[in-house]
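The values are calculated or read from the model by the stated rules, or taken from the named source; none is laboratory data. Not measured: the values here are computed from a predicted model. Cβ placement follows ideal geometry from the backbone for every residue including glycine, while neighbour counts extend to all protein chains displayed.
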Amino acid sequence: MHISENISSSLRNIFEHKMRSALTLLGIVIGVFAVITMFSAVNGIKSMVMKNMEQLGWNNSLLLYPGEEGNSTSTVSSRHRRFMYINRSQKPLSFDDYEVLSRQVETKYTYGMIENWERSPGTQGHKSDWVRVNATNNDFFHSKSYEVTEGRYFNRMEDSDALKVCILGYNFAQENFPEGALGKYLKAGNMRYKIIGILGEDKLNYTTGMNFNRWERERDLNAIYIPLSTAAKYLSSDGAIGYIYFQAYGDKDFPIMKNAIRQTMLIQHNMSHDFQFNDVGAFMFKITDELKDMMKKLNITLSTIASISLIVGGIGLFSTLLISISERMKEIGIRKSIGATEFDVFFLFLSESIILAVIAASIGTLISKGVIMIISSALKQQFELPWQGIALGFGFSILIGIVSGAYPAFKASRINPITAIYFND
C-alpha cells in the first residue's frame, strides 16, 4: 500500500469519527501547548532581563576611577560609594585622560562623569534650592536609554568648546518648568545655562512594568546635564573628572577593551598604577551565567511537568486505537483478502496514530502562538515562539504517536483475515 493511500485512508477514518478523534487529540494538544508556552515564557523573561540589563548600561561595562589598581571591587553598589574612599593624594582622572581614551579605545559607549550639587537662587522660575549638575556626554544618555523628547542632545561644538548649555531630566523639568523650559535659562551656582533639551520619562521602567534600578534612574531624571568639557573647565579643579564609563560591543570584545584601557592609562600616567576598575562587566557575566543556568533548569522542570499531558494524551490515543480495531475488523479482513500484507495493515494503523499526533501538535502550536501574542500585547514585551519548544512538542508528539500506535498496529496486523471478515456475523 502506498504512503499516500495510507494517509488518505487515515484522514478519512479520523474525520468519520470527529468527536472521538477530538477527544483523543485533546491530551496531546494540551501537552504541546504547555511545552511551547513554557519555553516561550522562560525564554521571553530571560531575553527581557538581558535586554534591560544592557539598556541599564550594566552589560559588558567597566568603570575607571582614581585609586590603586587591584583594590577595586566588582559590585555594582560600590559604584555609588567609591568616591568616599578615593585617596585624594593620588593623581585624579583628567579630562585629557578621557579624550585620549575616547579616541584610542574602541568601545560601544564611552562617557566621563563629574557630579556636583550647585545652589540655585531661584531667579529663573524654578523651585529647587539645590540642583544636581551632572557633566557628561551624549553616550551617557544612549547607554542608559534616556531619550530627548524635546529639543536635542549636545552637539559637537558644545562638547568641544565648553559651552554653557544644559539638558534637563524629565522629573526636574516637570517639577520646576511645568509650562515648558526649552530655550530658557537656568542658573546653578555661578553659571547660567541655556536649556537645549529635555529628557523623556523612564520608558524602561514605566512601559515594561519592570523595576530595573528605579531609584537610580529617578535620581538621574531629577538632575540637569551639562557638557563634560564645560564642567572640566569651570567646575573642576585641574580638569579632574570623577570616573569614566566604557561599554564593549560584546562579550568577546570586553577583555580586549579592558586591556587597551589599562595600557593607555599606564602610558598617560607614566606607568603609575594610580587608577582602578569597577568591573561591572565581570559581575554581570556571573549574573548572566547564573540566570542562564537557572532558566535552563526551569525549562527542564516545566517541560517535564508539561510532558505529563503528552503521556496522558498518548494513553488516550493507545486506548482509541485498540477500540478501533474491533470496529474495523471487516476492513482489515477485506484488505488482507485482496493482497494486503501484515506490514501494510501495521503501517496503516501506525500512520493513523502518527497523523493524529501531528495534527494535535499543530493545533497545540497554533493555540500557543495565539496565547503568546496576547501575552506580548498585554505586557508590551515581545515573546518569541521558540523553535526549541516547537521541536520538543512535535518530537515528543510523534514519539507518543509511534509508541501508542505500535501495539494496536501490531495486533491488527496479526488478525486472521477469515476471522476478521466474519467477525460480526
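Residues that are within 19 Å of the chain's Cα centre (by Cα) and either outside any loop (DSSP other than H, G, I, E, B) or within 25 Å of Phe15 (Cα to Cα) (or both): does the stretch 351-360 have at least one? Lay out the reasoning, then the answer.
Residues of the stretch 351-360 that are within 19 Å of the chain's Cα centre (by Cα), as a first pass: none.
No, that holds for no residue.
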Is it the case, given these coordinates, that Leu350 is surrounded by 21 or more Cβ atoms within 10 Å (Cβ to Cβ), out of contact with any Pro (no Cβ under 7 Å at 6 or more places or on another chain) and modelled with pLDDT of 85 or more? yes
Residue check, Leu221 against (1) modelled with pLDDT under 80; (2) among the aliphatic types (A, V, I, L, M); (3) assigned by TED's automatic domain parsing to the domain that holds Phe177, all met but one. Which one? (1)
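Looking at the stretch 155-205 only, could you name the residues that are assigned to a loop (DSSP other than H, G, I, E, B) and under 30 Å from the mean Cα position of the chain (by Cα)? It would help to see each step written out before you state the result.
Within the stretch 155-205, the first condition is being assigned to a loop (DSSP other than H, G, I, E, B), and the residues that meet it are 155, 161-164, 169, 177-184, 189-190, 200-202.
If the condition is that a residue be assigned to a loop (DSSP other than H, G, I, E, B) and under 30 Å from the mean Cα position of the chain (by Cα), then Gly169, Gly200, Glu201, Asp202 are the ones that fit.
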For residues that are crowded, with 21+ Cβ neighbours inside 10 Å and part of a helix (DSSP H, G or I), tally how many sit in the stretch 221-248. 5
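Which of the residues spanning the stretch 105-115 are outside any loop (DSSP other than H, G, I, E, B) and buried (at least 17 other Cβ atoms within 10 Å of the Cβ)? Write out each step before concluding.
In the first step, residues of the stretch 105-115 are kept if they are outside any loop (DSSP other than H, G, I, E, B); the result is 109-115.
Across the stretch 105-115, the qualifying residues are Tyr109, Thr110, Tyr111, Gly112, Met113, Ile114.
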Unique residue being over 22 Å from Arg12 (Cα atoms) and either in contact with a Gly (Cβ under 8 Å, 6 or more places away or on another chain) or outside the structural domain of Met295 (by TED's automatic domain parsing) (or both) when the list is Leu385, Leu379: Leu379
